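> Shown below is the structure under consideration.
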Amino acid sequence: MFFGSGNLIFPVHLGQLAGNNWLSAAFGFAISGSLFPLLAILAVVVTKSDGLYDLARPVGKFYAALFLVLVHLTIGPFFGTPRTAATAFQMAVQPFLPKKYDTVGMFLFTAAFFALAYTLTVHQNRLLKYVGKYLNTIFLVLLAVVFVVAFLHPMGTLNHMPTQAYQTSSTVSGLLEGYNTIDAVALLALSVTFVHAVKGLGYKDRELSGLTAKAGSLSIALEVLVYFGLVLLGAFSLSKLTLSANGGVALSQIVDYYFGNFGAAFLGVLVTLGVFTTAMGLVASFSQDFHKLFPKVSYLTWLRTTTVLSFVVANAGLDNIIAWSLPVLMLLYPLSLALILVSLTVHAKPYAGVVYKMTIAFTVLPAVFDMLNASPAAVTNLTAVKTALNFYHQYIPMASQGLGWVTLTLAGFVLGLVFGKLGVFATANNSVESRD
């Protein structure tokens with residue numbers, strides 16, 4: 001479900017950027033693109049959370065509701081879900097349409113895309129069958145064909161000069177590139193869909209943790225192999241191609257090199273299958289979590305709402321969707337990783353509330369700064385914003401690399417542990433827990 005278009009194209013571009021440092025860059029990408037999402041799945045299962053609201057609730061009811069809404073609107077109908085359809089249209093349909101029919105083609109394609117996504121997610125318990133048994137199998141077979149052909153007949157050697165960012169800190173650069181998949185954020189929301197699917201197979205609650213951990217570890221291990229294969233494709237391609245503007249262009253050129261005119265159609269089918277499974281997971285998890293937060297509105301009503309909204313936003317175009325989503329994602333990523341950290345370590349402790357609140361409180365400020373830094377020039381050029389960002393980048397470790405939240409989040413986590421074990425704020429925390 002979470003292997004969408006970004007997971008397919010970002011590693012290819014990473015291989016071109018990293019050149020002969022592809023291995024260390026791929027390792028960094030695997031940490032943020034695979035390990036973090038696995039930890040997100042485990043956080044939901046270990047805490048026995050029935051959705052994103054339950055997971056964030058120890059921070060406070062208001063924060064949990066706000067976080068759920070922000071995450072789902074971002075990865076759902078405002079940005080993430082429309083991007084799946086827009087990407088599929090751009091790579092699978094647009095190359096075969098005369099330019100004057102782009103608008104009409106986009107309208108008809110996205111209407112069919114989301115109508116089918118709605119139809120296949122009406123019955124929650126059948127989701128695993130559709131995605132796991134059929135769609136994902138076809139997707140993996142097609143991708144395997146590309147790998148077999150490319151590695152039996154490589155485009156050249158791996159001895160290519162890395163770009164500047166990958167010459168001295170290729171692992172960190174690869175890790176940051178993995179942020180673009182946004183899987184650690186998405187998996188906090190999608191995990192509830194996995195849990196419902198496993199329950200639909202007849203397994204009991206006591207079996208969920210072990211079974212989901214095993215299935216998650218297996219799928220993540222396979223995903224890492226896919227990532228390394230895609231990075232290798234990109235690194236090999238520099239022998240025949242120049243550095244591309246993005247991974248979508250690079251992958252199109254590579255497939256065209258091996259498959260000729262047939263390659264465009266082949267890649268279109270491959271990408272559409274990849275993004276469609278993601279879209280199904282996103283609309284289902286959105287509906288499940290919003291039904292839990294607002295139980296008077298049925299799952300089907302939320303499902304209709306998110307598919308219609310996604311259809312409308314998708315027709316704004318892929319470039320507009322990506323441009324507006326980046327600042328919000330830079331805000332949510334640190335908050336999501338902080339929530340994963342506390343969920344996996346202290347959720348069962350009597351002082352967990354203190355640690356949750358302290359960790360998130362220390363994460364909010366750098367997350368806001370990262371959001372401002374990724375905002376359009378109209379925002380970053382404001383004198384007050386520019387001054388604040390200069391201070392942030394100068395005095396907070398790794399802030400200039402987009403990792404300033406790491407130090408402050410760990411500081412909040414440690415302080416929360418100290419205060420919690422010493423009993424500081426215990427009375428206030430107990431009163432909060434009793435209200436919850």
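The values are calculated or read from the model by the stated rules, or taken from the named source; none is laboratory data. What you see is a predicted model, and the numbers here were worked out from it, not measured in a lab. FYI the Cβ positions are ideal-geometry reconstructions off the backbone, even for glycines, and counts take in every protein chain you see.
> Does segment 383-402 contain at least one residue that is hydroxyl-bearing (S, T, Y) and not in a helix (DSSP H, G or I)?
no
> Continuing with this model, one more query. Name the residue, out of I31, I75, that is aliphatic (A, V, I, L, M) and closer than 20 Å to T306 by Cβ.
Only one candidate qualifies: I75.
> Of all residues in segment 408-423, which are within 23 Å of Y179 (Cβ to Cβ) and either outside any helix (DSSP H, G or I) or free of Cβ contacts under 8 Å to residues at least 24 places away in the same chain (or both)?
L410 - this is the single residue of segment 408-423 that is within 23 Å of Y179 (Cβ to Cβ) and either outside any helix (DSSP H, G or I) or free of Cβ contacts under 8 Å to residues at least 24 places away in the same chain (or both).
> List every residue pair whose Cβ atoms lie under 7 Å apart, where the two residues are 6 or more positions apart in sequence or sit on different chains, the first residue falls within segment 289-307 and is in the same structural domain as L116 (by TED's automatic domain parsing), and the second residue, located anywhere, is crowded, with 17+ Cβ neighbours inside 10 Å and assigned to a loop (DSSP other than H, G, I, E, B).
Correct list of pairs: D289/G51; K292/G51; T306/G76; T306/P77.
> Could you check F294 against (1) surrounded by fewer than 22 Cβ atoms within 10 Å (Cβ to Cβ); (2) under 30 Å from G15 (Cα atoms) and say which number it fails?
The number of the failed condition is (2).
> Can you work out which of the residues in segment 279-307 that are among the β-branched types (V, I, T) and in a helix (DSSP H, G or I) is nearest to S49 (Cα to Cα)?
V283
> Could you tell me how many of the residues in segment 374-410 are surrounded by 15 or more Cβ atoms within 10 Å (Cβ to Cβ) and either touching a His at 6+ places or on another chain (Cβ under 8 Å) or among the small types (G, A, S) (or both)?
So the count comes out to 6.
> Checking the condition part of a helix (DSSP H, G or I), in contact with a Phe, Trp or Tyr (Cβ under 9 Å, 6 or more places away or on another chain) and either over 18 Å from K61 (Cα atoms) or not assigned by TED's automatic domain parsing to the domain that holds L73 (or both), which residue from P334, P327 passes?
Unique residue meeting the criteria: P334.
> Ok, one more. Restricting attention to segment 267-278, does a residue exist that is surrounded by fewer than 18 Cβ atoms within 10 Å (Cβ to Cβ) and either outside any helix (DSSP H, G or I) or within 25 Å of the chain's Cα centre (by Cα) (or both)?
Checking segment 267-278: at least one residue is surrounded by fewer than 18 Cβ atoms within 10 Å (Cβ to Cβ) and either outside any helix (DSSP H, G or I) or within 25 Å of the chain's Cα centre (by Cα) (or both).
> Also: Every residue in segment 359-403 that is under 26 Å from L55 (Cβ atoms) and over 25 Å from the mean Cα position of the chain (by Cα), please.
Of all residues in segment 359-403, those under 26 Å from L55 (Cβ atoms) come to 359-371, 374, 402-403.
The answer is none; no residue qualifies.
> Looking at segment 237-250, which of the residues that are modelled with pLDDT of 85 or more and not small (G, A, S) is surrounded by the fewest Cβ atoms within 10 Å (Cβ to Cβ)?
T242
> Continuing with the same structure: A40 passes all but one of (1) within 24 Å of G216 (Cα to Cα); (2) out of contact with any helix residue (DSSP H, G or I) (no Cβ under 9 Å at 6 or more places or on another chain); (3) not polar (S, T, N, Q); which number fails?
Checking A40 against (1) within 24 Å of G216 (Cα to Cα); (2) out of contact with any helix residue (DSSP H, G or I) (no Cβ under 9 Å at 6 or more places or on another chain); (3) not polar (S, T, N, Q), the one that fails is (2).
> Could you list all residues from segment 342-370 that are within 17 Å of V45 (Cβ to Cβ) and crowded, with 21+ Cβ neighbours inside 10 Å?
V342, S343, V346 - these are the residues of segment 342-370 that are within 17 Å of V45 (Cβ to Cβ) and crowded, with 21+ Cβ neighbours inside 10 Å.
> Of everything in segment 146-169 that's in contact with a helix residue (DSSP H, G or I) (Cβ under 8 Å, 6 or more places away or on another chain) and not in a loop (DSSP other than H, G, I, E, B), which residue is modelled with the lowest pLDDT?
So, considering only residues that are in contact with a helix residue (DSSP H, G or I) (Cβ under 8 Å, 6 or more places away or on another chain) and not in a loop (DSSP other than H, G, I, E, B), the one modelled with the lowest pLDDT is A165.
> OK, next. Of the numbered conditions (1) exposed (fewer than 15 other Cβ atoms within 10 Å of the Cβ); (2) within 23 Å of F10 (Cα to Cα), A264 satisfies every one except a single condition; which is it?
In the conditions (1) exposed (fewer than 15 other Cβ atoms within 10 Å of the Cβ); (2) within 23 Å of F10 (Cα to Cα), A264 misses (1) alone.
> Just checking, which of E223, E207 is part of a helix (DSSP H, G or I) and farther than 20 Å from F151 by Cβ?
Numbers: E223 fails: farther than 20 Å from F151 by Cβ.
Within the list E223, E207, the selection yields E207.
> Something else about it: Only one of (1) surrounded by fewer than 21 Cβ atoms within 10 Å (Cβ to Cβ); (2) at pLDDT below 90; (3) not polar (S, T, N, Q) is not met by L23, so which one is it?
With respect to (1) surrounded by fewer than 21 Cβ atoms within 10 Å (Cβ to Cβ); (2) at pLDDT below 90; (3) not polar (S, T, N, Q), L23 is out only on (2).
> Further, regarding this structure: Would you check which residues across segment 35-84 are in contact with a Gly (Cβ under 8 Å, 6 or more places away or on another chain) and polar (S, T, N, Q) and list them?
T74, T84
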